[in-house]
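Written out below as structure tokens is the structure these notes cover.
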Amino acid sequence: MTTATQGSVGTAHTRIEGRDKVTGAARYAAEIPFAELAHGWLALSTVARGRIRSIDTDAVLRMPGVLTVLHHHNAPRVDSDYVGLLGVPPDPSVALFQHDRVVHMGWPVALVVAETSEQAREAAEALVVTYDQEPHDVAFSAERQAEAYPVDGHAPGVMEKGDLEAQLASSAVVVDAEYTTPEEYHNPMEPHAATALWEGGRLEVVDSNQGTTWVAGELANLFSLDPASVRVRSEHVGGGFGSKGVRSHQVAAVMAATVLQRPVRVVMTRRQMFSLAGYRSPTAQRVRLGADADGRLRALEHQSLNMTSSVHEFVEPSAAASRAMYDADAHHTASRVVRLDVPTPTWMRAPGEAPGSFALESAFDELAERCGIDPIELRLRNEPAVGPVSGLPFSSRNLIACFEEGARRFGWADRDPRPGVRRDGRWLLGTGTAAASFPAGAMPSTAAVTAEADGTFTVGINAADIGTGARTALTLVAADALGVPTDRVRVRIGDSDLGPAMIAGGSTGTRSWAWAVTAAAEELRQSLAPGADIPPEGITVRSNTAEAIGALAQKERHSFGAQFAEVAVDPATGEVRVRRMLGIFAAGRIVNPLTARNQLVGGMIWGISMALHEEAVRDRATGGVYGADLAGYHVAAHADIPHVEADWVDDPDPDDPIGIKGIGEIGIVGAAAAVANAVWHATGVRHRHLPIRPDRVLMAGGDA
Amino acid sequence: MREFGYQRAYDVSGAVALLDGDGEARFLGGGTNLVDLMKTGVERPALLVDVRELPLDRIEPAGDGGLRIGATVTNSDLAAHPEVRRRYPALAQAVLAGASGQLRNMATVGGNLLQRTRCGYFADVTSACNKRNPGSGCPAITGEHHNHAILGASDHCVATHPSDMGVALAAFDAVVSYETADGPGELPLADFYLPVGETPHLETALPPGALITGVTLPPTPVAADSRYRKVRERASYAFAIGSIAAALDVEDGVVRDVRLAFGAVASRPWRARAAERALLGAPADAENFAAAADAELAHAKPLPHNGYKVTLMRNLVIAVLSELAEEATR
Amino acid sequence: MPPSTSSDLTLSVNGEKYTLTVDHRTTLLDALRERLDLTGTKKGCDQGQCGACTLLVDGRRAVSCLQLAVAAEGREITTIEGVAEGDQLHPVQQAFLDLDGYQCGYCTPGQICSAIALIEEHAAGWPSAATDDIRPDAGPPPLTPEEIRERMSGNLCRCGAYVSIVQAVARAAEAKGAAA
């Protein structure tokens, strides 16, 4: 059922908090003042594996302003044996200072708390910690496959149908290629920051995170507190991309606030974020495609390997990305992990799909080349009617519409398929395309909508606006459900006291919250007699979508998209510049075209950045990241980004009250492959290892 | 960061006196490198002498027809100066290729010359580094070095000098002026940076306690036809993986004068004198440009992962000299 | 006698004088955020590598994380809180708001301060690394999108709002008669 409304949803609306953001009035986690605030600074290990032999706190405690040093001998005990909101146990790395083991370089070994941040920093740096160092192993490569094992994350680790070897043997064309992606870091512009304090018997945490319900629940579990006695607020969040869940900074702040009984703020430095804030694991992937001469697939195999820490299994489900895309008689996918002495990786924008689509969609381009078929035509020929592995129907699948619209607008029909034949001065030019998909889902949430006596409405929904425009989107959704203009609706978010709700993650946030808001608002609207007086305290209706979401039929539910890129490559220097990029998406009903376009383009820019720039190098000798800062880890800058355009085709989700699917991640999916395929078209050289650095382009005699 | 004293100097002799040869004191210019190094713990000065108020912020004609650039001239003012852009365009381009608009507004000419390497091991105080901690070793040689030196390095250090500005200054034979308690002195840029050898921690030939007061560019007619090209791993706001400052004067198809310097390949801005020698008097064509590059790069000692720089610099020499030659004939 | 490690000083911020005692280690960024409650200037990297802390010093853009507070005495500091005229947003602020030149908003004050200065720098005839011919006789370069991108490159935006930021800067510059 799609609600047809002639209202605010679907119209461009500037951000509700826009004025606060452009004037500097919007306060982020580390910017809310507290009386008697103390500052905590984390001290991190300088070895990658071993045991803490000694921590010399005496000298540091005598330094000016130092209040306490917390470490494994004196820190409050925490319990990490639980399953949280997202249905998984926590990474035990967040159980800070509970033992003397060091499991990776940059492991938190102590928190120094002082009156000022300058004092805390100097004391933390002066803290002498000695270790019994043990040999470490951080060497990730495709060769580690032998020690790897499959892990079920949010998708099964292994899914197989058909006889792969037989189908490969009977294929006219076989592509067999290995692809790698490096360690990638979220690097939200706002570093992780939390202030913790006890007030009236309740633990209050002002934090920067992607879901205060989630973080409050984790903290209650960790510190064995009644969930009702924990309140987490997170009004403005300076980006998250998967990295802002429960992390050492909140746990450290809570410990120190508990010990000192005063507010304590802990902020990660940019450098610390490279060992404490999570990252996307490097991947080593192998794709084998077997096809008839006309390009129809007989065999599809996608194997992916990622690394995880020695204390927690995290799988980057890159191979799972292939399960909804294309069918083949034999279809084998497996995502495996190898355990190393590294920090635990985590979700990062389009986990699985981002690296997985690079491999799969690059391999498809190779297959198109080998078959002599246009890359778009190849995809059309392999368009499945139902879920290739599940056999379930698609809720909607408008991939072909995306390619048709994109091809028309990009000018694909005029493309000469031959590589390496277009030149503009010192630049070789090429174009490339790739398909994109990302799961569409909704998670149970609660909302409260109040009709106020003054004729306005207050919506309480514990959403997180990490830059997605959720606050604005939910205002539009609520206005339509209430049948009022947006200026009569006030939306409150980012406070765990508002009640349980889904996190901003998995491209499910806006859909999950909008569903709950719509349910409460529609019920309220129906219950309000026209012209009836509203009491001074207002009339409030609450909703909980658990039942409705639980009743959804099993289907293949995804957003889809078609990515197009044009690149210029200087073969003399190896420089690659993206000249233009277009993405056309089928991603459900678009709530706010202004912010949605921005977010989709932002995802595509992540794809450019992934294709050309992003790479953290782990030093095998030290076990840490080399050049762990924003000069060593390059994200795309203004000058790297040309005019990038995103648009969409009509694709309302038939099973969502508003028709929403979710747009947070689909923009990055396939984007790196489109760029890499364009580099091949420009130069005739396949780049299967990201990022496509100048030195790789320069030295690639044949295939790179 | 350790606690430190702060003094602001208003004249050159006062600045030198305030520092007083104190090994734990540092001059503070724009702070764009020093303050960062203090935060990471690489630098731990006990006293900062702020020299930004010194009357060294002018660009003026030098007596011999060259240009004298004061030490506290900001990168922005240097790059925007009409005489620099007209007579030494590669210098303005080099400065504009460095850092960002914000940082160029802060950074000074003197500070730029003294900036430290961006080697990740140098910047990480938990790591060994012969430049930061003599005798502790050089992890880059066996570790991450894909942006390290191919020329003039040693078994003790393979770090590169990060300056773009310095590359153009090296090409144009700049002379650095300084002041000490014993009076003024001068160092040609060619002698300003010390060879790496076994002492990578000793970076310049400046006497202890010396304050850079300015840089003088000799009159260099060939510099009017010059260019700076920088290759990096993103299109802007990144250090070079290879760069070149080049100036070329061609008459009747023959090289009459040429200047070449390389960036991001050595512990100092690398003046490519062997290449220049090979070109003087030779026909200005791609073949000779390649031969000249080869003459310079014959001494390159690439490590396992930075051999691409040899190819990159060779290609840059050919590309940039070819562009200049073509423009000369237009 | 070891030198004093703190100083009494007066900072001039957005036209107001603030007298305070600072630890010499305190950066201008931290002084604004922690001491003066001017939190509009953001700390993204604290190393001059992201531009989130950009503000104007004597009218020129600078990163405040590498500027020691004690060394900022005597200079006129303008932060994001000081660029509007009362309730009237600066044209750059208005363009960012109207064209959605941000997402999470954390890099935004730095982007806006940088853009304000960029328009002035361009008006003063400064070339950039994107300028084809930097010789003064060539005249000032038109403020093309490519020029804006190069000149804004010191301000990272991890959300990837670059396209709308460039549009916003162009619109604001156009209002001043500067854009190409």
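Observations
- Matching residues, the range A:405-423, being open to solvent by 70 Å² or more (accessible area, probe 1.4 Å) and of a type outside the set (A, V, I, L, M, F, W, C): A:408, A:409, A:414, A:417, A:418, A:423
- A Cβ distance below 6 Å, combined with a sequence gap of six or more or placement on separate chains, defines the contacts here; from the range A:179-190, residues that are more than 10 Å from every other protein chain (Cβ to nearest Cβ) reach residues that are of a type in the set (Lys, Arg) and in a loop (DSSP other than H, G, I, E, B) in the pairs A:179/A:688.
- Cross-chain or 6+ apart pairs with Cβ under 9 Å, the range A:677-701 first and aromatic (Phe, Trp, Tyr), then open to solvent by 30 Å² or more (accessible area, probe 1.4 Å) and in a helix (DSSP H, G or I): A:680/A:369
Quick grid of which residues meet (1) open to solvent by 20 Å² or more (accessible area, probe 1.4 Å); (2) over 25 Å from residue A:583 (Cα atoms); (3) outside any helix (DSSP H, G or I):
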{"site": "A:312", "(1), (2), (3)": "yes, yes, yes"}
{"site": "A:328", "(1), (2), (3)": "no, yes, yes"}
{"site": "A:334", "(1), (2), (3)": "no, yes, yes"}
{"site": "A:342", "(1), (2), (3)": "no, yes, yes"}
{"site": "A:368", "(1), (2), (3)": "no, no, no"}
{"site": "A:377", "(1), (2), (3)": "yes, no, no"}
{"site": "A:384", "(1), (2), (3)": "no, no, yes"}
{"site": "A:392", "(1), (2), (3)": "yes, yes, yes"}
{"site": "A:402", "(1), (2), (3)": "no, no, no"}
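- Entry remark, the range C:137-180: residues being surrounded by 18 or more Cβ atoms within 10 Å (Cβ to Cβ), over 25 Å from residue C:50 (Cβ atoms) and free of Cβ contacts under 8 Å to residues at least 12 places away in the same chain number 0 in total.
- Qualifying positions in the range A:529-568 - farther than 27 Å from residue A:390 by Cβ, open to solvent by 10 Å² or more (accessible area, probe 1.4 Å) and in contact with a helix residue (DSSP H, G or I) (Cβ under 9 Å, 6 or more places away or on another chain): A:539, A:540, A:541, A:542, A:543, A:544, A:566
- The residues in the range A:42-94 that are in contact (Cβ under 8 Å) with a residue 40 or more places away in the chain and not in a loop (DSSP other than H, G, I, E, B) can be counted, and the count is 21.
Conditions tested, residue by residue: (1) surrounded by 14 or more Cβ atoms within 10 Å (Cβ to Cβ); (2) more than 26 Å from residue A:199 (Cβ to Cβ); (3) more than 14 Å from chain C (Cβ to nearest Cβ).
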site	(1), (2), (3)
A:9	yes, yes, yes
A:15	yes, yes, no
A:19	yes, yes, no
A:27	yes, no, no
A:34	yes, no, no
A:58	no, yes, yes
A:69	yes, no, yes
A:88	no, yes, yes
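- Set B:319, B:238: member being open to solvent by 20 Å² or more (accessible area, probe 1.4 Å), among the aliphatic types (A, V, I, L, M) and within 29 Å of residue A:608 (Cβ to Cβ): B:319
- Residue A:502 part of a loop (DSSP other than H, G, I, E, B), surrounded by fewer than 24 Cβ atoms within 10 Å (Cβ to Cβ) and touching a helix residue (DSSP H, G or I) at 6+ places or on another chain (Cβ under 7 Å): no
- Members of the range B:279-316 that are under 24 Å from the mean Cα position of the chain (by Cα), open to solvent by 50 Å² or more (accessible area, probe 1.4 Å), modelled with pLDDT of 95 or more and away from every other protein chain (no Cβ under 13 Å): B:294, B:298, B:301
- Scanning the range C:74-95 for residues that are in contact with a strand residue (DSSP E or B) (Cβ under 6 Å, 6 or more places away or on another chain) and either open to solvent by less than 10 Å² (accessible area, probe 1.4 Å) or of a type in the set (Phe, Trp, Tyr) (or both) turns up C:77, C:79.
- Scope the range B:31-52; condition in a loop (DSSP other than H, G, I, E, B) and either over 24 Å from residue B:102 (Cβ atoms) or more than 8 Å from chain C (Cβ to nearest Cβ) (or both); matching residues: B:33, B:41, B:42, B:43, B:44, B:45, B:46, B:51
- Matching residues in the range A:198-229 - criterion: being under 14 Å from residue A:258 (Cα atoms) and surrounded by 24 or more Cβ atoms within 10 Å (Cβ to Cβ): A:205, A:219, A:222
- In the range C:59-152, counting only helices (runs of 4 or more DSSP H) that sit wholly within it, the ones holding 3 or more residues that are within 12 Å of the chain's Cα centre (by Cα) and more than 10 Å from chain A (Cβ to nearest Cβ) span C:108-123.
For (1) within 14 Å of chain C (Cβ to nearest Cβ); (2) not in a helix (DSSP H, G or I), each residue gets a yes or a no:
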| residue | (1), (2) |
| --- | --- |
| A:219 | no, no |
| A:228 | no, no |
| A:232 | no, yes |
| A:238 | yes, yes |
| A:251 | no, no |
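- Across the range A:412-440, the number of residues qualifying as modelled with pLDDT under 95 and under 30 Å from residue A:155 (Cα atoms) comes to 0.
- Comparison of A:148, A:172, A:110, A:114 shows that the only residue that is more than 14 Å from chain C (Cβ to nearest Cβ) and over 30 Å from residue A:619 (Cβ atoms) is A:172.
The values are calculated or read from the model by the stated rules, or taken from the named source; none is laboratory data. Just so it is clear, the structure is predicted and the values come from calculations on it, not from any experiment. We place every Cβ from the backbone using ideal geometry, glycine too, and count neighbours over all the protein chains shown. The accessibility values were calculated without ligands, DNA or RNA, using every heavy atom of the protein model including side chains. Shrake-Rupley method; radii C 1.70, N 1.55, O 1.52, S 1.80 Å.
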